[in-house]
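Remarks on the structure that follows.
Computed from the coordinates by the stated procedures, all read-outs in this text should not be read as laboratory data. This is a predicted model, so every value here is computed, not measured. Here the Cβ positions follow ideal geometry from the backbone for every residue, glycine too, while neighbour counts run over all protein chains shown.
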Amino acid sequence: MRYDILLFDADNTILDFDKAEAQALKEAFCDLGLKFSQNVLNIYRQKNIEQWQLFEQGKQTKEEVLSNRFIETFKALQLPAEYANRTGDLYERYLMQGFYIVPHAENVLSELQKQCRLYLVSNGVLAIQISRMKGIGLDKYFLMRFVSEEVGYPKPQKEYFDYCFKKIGDVDKSKVLMIGDSLTSDIQGGINAGIDTCWFNPKHYINRTLSKPTFEIEDLRQLLEIVY
């Protein structure tokens, strides 16, 4: 086998975060009597990405991300600012119930678990990740989870991966593969850690970053060919 330790990102790698996100935001807006549309979703997603990138760069805390993404969204939509925090609270509550899985994820995890050690590595919100993983039933495939707020560092920082490797123990970096959808977080993180990376890119985005993955796949089943 080429790899025996696999580090999996959660959102949009094994969990269908886009679907859960859209549903949670729609329900939060509806609860507050606010009009929801594709434009609202698009603006929120852009502001959300911007805030998480600041977190990855160590420029703000996760708590600031969770608040500022809605403050900035409501500014852009010219909606009353007092609704921003209330929307954020409702959104997180509904997101915990977003039990959607990326196609083929469970079958692939089940197969890989037979011969590899699987670990979950995420920058997401701890309570939401635990709720969704348990609700979907995928937590049983992972020996440990490493969420940035527990680790003390975010992906892509090398310190995040140093912490993971220390907890895992007996790590040969040449046999470790990082799998994720984010070039700036997962792929660059793997590069910083000195391990091979696999970019999960089902939507065929163009890589405009300097982060070059070892592998690129559009279907999780392709992982079996890479690992074995």
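In terms of distances greater than 29 angstrom between alpha carbons, the cross-link table entries Lys167/Lys212; Lys62/Lys114; Lys26/Lys158; Lys26/Lys166; Lys19/Lys166; Lys59/Lys175 yield Lys62/Lys114; Lys26/Lys158; Lys26/Lys166; Lys19/Lys166; Lys59/Lys175. Backbone geometry of region 193-198 corresponds, through the Karplus equation with coefficients 6.51, -1.76 and 1.60 at θ = phi - 60°, to 3J(HN,Hα) couplings of 7, x, 10, 6, 9, 10 Hz, x marking Gly and Pro.
May I ask you to derive the FRET efficiency for Glu106 and Met144 from their Cβ-Cβ distance with R0 = 25 Å, giving the value to the nearest 0.05? Display every interim value, and only then the final one.
Numbers: r = 19 Å, r/R0 = 0.75.
Step by step, r from the Cβ atoms, then E = 0.85.
Of all aspartates and glutamates in the structure, the ones whose alpha carbon falls short of 17 Å from that of Lys75, not counting any fewer than 8 places away in one chain, are Glu50, Glu64.
Whole Å is fine, so just give me how far the alpha carbon centre of region 92-115 lies from that of region 149-219. Computed from Cα coordinates, the inter-centre distance equals 19 Å. The residue among Tyr44, Phe70, Gln60 whose Cα reaches farthest toward the positive pole of the charge dipole of region 17-95, with charges on the beta-carbon of Lys, Arg, Asp and Glu, is Tyr44.
Quote the charge dipole size of the chain about the Cα centre in Debye, to the nearest 20; the model charges only the Cβ of Lys and Arg (+1) and of Asp and Glu (-1).
Using only the charged Cβ atoms, the result is roughly 80 debye.
For region 79-195, the square roots of the Cα gyration tensor eigenvalues, ordered a ≥ b ≥ c, give a/c of at least 1.5 with a/b no greater than b/c, which places it in the oblate category. The calculated P(r) of the chain, using every Cα pair and 10 Å bins from 0, goes 8, 33, 36, 18, 5, 0 in percent.
Using just the alpha carbons, could you tell me how many Å³ per residue the convex hull of region 17-95 encloses? Intermediate results must be reported in sequence, preceding the final value.
Details: hull volume 6.5 nm³, N = 79.
Spelled out: Cα convex hull of region 17-95, divided by residues, is 82 Å³.
Take every pair of alpha-carbon atoms less than 8 Å apart whose residues are at least six positions apart; their mean separation over the length of the chain yields a relative contact order of 26 percent.
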